[in-house]
1. Out of the residues in region 193-244 that are modelled with pLDDT under 95, part of a helix (DSSP H, G or I) and of a type in the set (D, E, K, R), state the one that is nearest to Arg334 (Cα to Cα).
2. Which condition does Asp332 not pass, out of (1) under 26 Å from Arg201 (Cα atoms); (2) more than 12 Å from ligand 1 (Cβ to nearest atom), if it passes all the others?
3. Just checking, does region 283-303 include any residue being in a helix (DSSP H, G or I), within 14 Å of the chain's Cα centre (by Cα), near ligand 1 (Cβ under 8 Å from one of its atoms) and not aromatic (Phe, Trp, Tyr)?
4. Note down all Cβ pairs under 6 Å where the first residue falls in region 239-260 and is in the same structural domain as Leu205 (by TED's automatic domain parsing) and in contact (Cβ under 8 Å) with a residue 24 or more places away in the chain, the second is within 7 Å of ligand 1 (Cβ to nearest atom) and charged (D, E, K, R), and they're at least six residues apart or on different chains.
5. In this structure, does Asp171 turn out to be farther than 30 Å from Leu226 by Cβ and not in a helix (DSSP H, G or I)?
6. Being under 21 Å from the mean Cα position of the chain (by Cα), under 29 Å from Pro84 (Cα atoms), away from ligand 1 (no atom under 14 Å from the Cβ) and surrounded by 21 or more Cβ atoms within 10 Å (Cβ to Cβ) is the requirement here; does Val240 meet it?
7. When region 252-291 is examined, which residues are found to be surrounded by 17 or more Cβ atoms within 10 Å (Cβ to Cβ) and within 21 Å of Gly306 (Cα to Cα)?
Amino acid sequence: MDVSAYDLLSTAVLLLDHQGCVDYANTAAEELFGNSRRVLLGESAARLLGGDDALQARFMEAVAGKFGILRQPLSVNRQGVQVPVNVAVVPLPGTPWAALVEVRIIEQHMLLERHQQLSKELAAQRETLRNLAHEVKNPLGGIRGAAQLLDAELDRHGLREYTGVIIAEADRLAHLVDRLIAPQGASLQKRRLNIHEICERVRMLICAEFTAITVERDYDASMPELSADFSRLLQAMLNVARNAAQALTEHPGQQRPHLILRTRVARQVLLAGYQARLAVVVSVIDNGPGVPPELLDKLFHPLVTGRAKGTGLGLSLAQEFVQQHGGILECDSRPGHTEFRMILPLEPT
Ligand SMILES: Nc1ncnc2c1ncn2[C@@H]1O[C@H](COP(=O)(O)OP(=O)(O)O)[C@@H](O)[C@H]1O
Ligand SMILES: [Mg+2]
């Protein structure tokens with residue numbers, strides 16, 4: 001079989017042997033992985049594609065022809081930048097190879113659709129929740145009021161403990177409901193600010209609250225100012241940083257708990273709905289256990305929590321505040337490295 005025709009394709013193609021290692025790579029694959037054919041030969045394909053153990057296992061099953069075709073979105077490390085790709089593994093029985101792997105870079109417009117879809121879903125969910133919150137608020141006021149009246153009538157101390165519980169719990173619920181309702185419509189109080197003002201405030205608060213954690217600063221000194229609502233961006237970043245600090249302290253691992261606050265200027269960034277010429281990227285990176293895999297898809301949805309005492313509102317609010325600035329909050333997480341990126345456009349369109 002003549003494989004040189006694959007060199008004419010713009011899609012990266014790998015042919016694998018029965019161990020799942022590269023036996024042939026076309027020109028587009030050399031370019032995608034940033035390595036010559038010689039270097040790629042013999043490499044494990046699953047490793048090249050940067051998957052975890054679960055993927056490795058599934059990948060090998062696909063190579064062995066278990067699934068027909070396995071399709072999977074992944075990301076490839078291309079000169080230090082993670083590029084989102086779609087990977088298809090096609091078994092090749094009756095040929096010298098076990099399988100063909102096709103790696104296609106996910107075009108920007110598809111990413112855009114994903115972002116827009118996410119924004120839409122989140123907006124719809126928040127709307128539903130707010131309506132529900134409003135519905136809960138009124139009867140809750142009634143319950144609290146009635147408990148207070150009852151409390152005044154009761155003379156036995158033991159009974160008044162019960163009304164005390166009702167009132168305290170009603171207040172707790174009212175507080176939660178207020179947080180669900182709060183950000184709606186309220187307009188942004190924008191001013192010129194340097195994102196490092198916010199980073200520094202977050203660093204101070206986190207260091208004071210979590211003394212065991214070291215917080216490293218990795219700031220881009222050339223950062224231009226942006227026009228933004230200080231308190232909302234502070235709240236957003238604090239919610240993210242606090243989650244990281246909680247993950248680090250609640251599940252102490254082998255490594256010393258470490259948090260990095262990183263800022264960078266990015267050019268031509270694709271955000272929900274448009275392309276920004278310049279954007280500020282603020283990353284909060286921790287070396288904790290990572291986001292539980294079952295939460296990854298719905299992390300930014302309200303009321304999603306992995307902690308016994310969590311409300312699941314922190315990230316949903318953070319996402320909302322960032323989106324109010326025309327930006328987006330993203331997450332990449334694996335054990336030992338969790339990164340939340342707040343991307344804020346510098347010139348809103
Ligand atoms: N840096 C992180 N590392 C590990 N898990 C995280 C991290 N950030 C968020 N999470 C997970 O996401 C969940 C949702 O976070 P959040 O919306 O702030 O709600 P809450 O903190 O009230 O649980 C957390 O409960 C936690 O399981
Ligand atoms: Mg939280």
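The values are calculated or read from the model by the stated rules, or taken from the named source; none is laboratory data. Everything quoted here is computed from the prediction, not taken from an experiment. Using ideal geometry, Cβ is built from the backbone for each residue, glycine included, and neighbour counts are taken over all protein chains shown.
1. Within region 193-244, the match that is nearest to Arg334 (Cα to Cα) is Glu209.
2. With (1) under 26 Å from Arg201 (Cα atoms); (2) more than 12 Å from ligand 1 (Cβ to nearest atom) applied to Asp332, the lone miss is (2).
3. Within region 283-303, the first condition is being in a helix (DSSP H, G or I), and the residues that meet it are 293-298.
Still in the running and within 14 Å of the chain's Cα centre (by Cα): 293-298.
With the extra rule that they be near ligand 1 (Cβ under 8 Å from one of its atoms), the set shrinks to 295.
Those still in the list that are not aromatic (Phe, Trp, Tyr) too: 295.
Scanning region 283-303, I find at least one residue that is in a helix (DSSP H, G or I), within 14 Å of the chain's Cα centre (by Cα), near ligand 1 (Cβ under 8 Å from one of its atoms) and not aromatic (Phe, Trp, Tyr), so the answer is yes.
4. Ala244/Asp286; Leu248/Asp286; Leu259/Asp286
5. Numbers: farther than 30 Å from Leu226 by Cβ: yes; not in a helix (DSSP H, G or I): no.
Considered against the rule, which asks whether it is farther than 30 Å from Leu226 by Cβ and not in a helix (DSSP H, G or I), Asp171 comes out as no.
6. On the way: under 21 Å from the mean Cα position of the chain (by Cα): yes; under 29 Å from Pro84 (Cα atoms): yes; away from ligand 1 (no atom under 14 Å from the Cβ): no; surrounded by 21 or more Cβ atoms within 10 Å (Cβ to Cβ): yes.
Against the criterion (under 21 Å from the mean Cα position of the chain (by Cα), under 29 Å from Pro84 (Cα atoms), away from ligand 1 (no atom under 14 Å from the Cβ) and surrounded by 21 or more Cβ atoms within 10 Å (Cβ to Cβ)), Val240 does not qualify.
7. Those that are surrounded by 17 or more Cβ atoms within 10 Å (Cβ to Cβ) and within 21 Å of Gly306 (Cα to Cα): Pro257, Leu259, Val284, Ile285, Asp286, Asn287, Gly288, Pro289, Gly290, Val291.
Listed here are the residues, each with its yes/no results for (1) more than 18 Å from Ala99 (Cα to Cα); (2) surrounded by 14 or more Cβ atoms within 10 Å (Cβ to Cβ); (3) more than 24 Å from the chain's Cα centre (by Cα); (4) hydrophobic (A, V, I, L, M, F, W, C).
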site	(1), (2), (3), (4)
Ser4	no, no, yes, no
Gly20	no, yes, yes, no
Ala28	no, yes, yes, yes
Arg38	yes, no, yes, no
Ser44	no, yes, yes, no
Leu49	no, yes, no, yes
Arg78	yes, yes, no, no
Val81	yes, no, no, yes
Val87	no, yes, no, yes
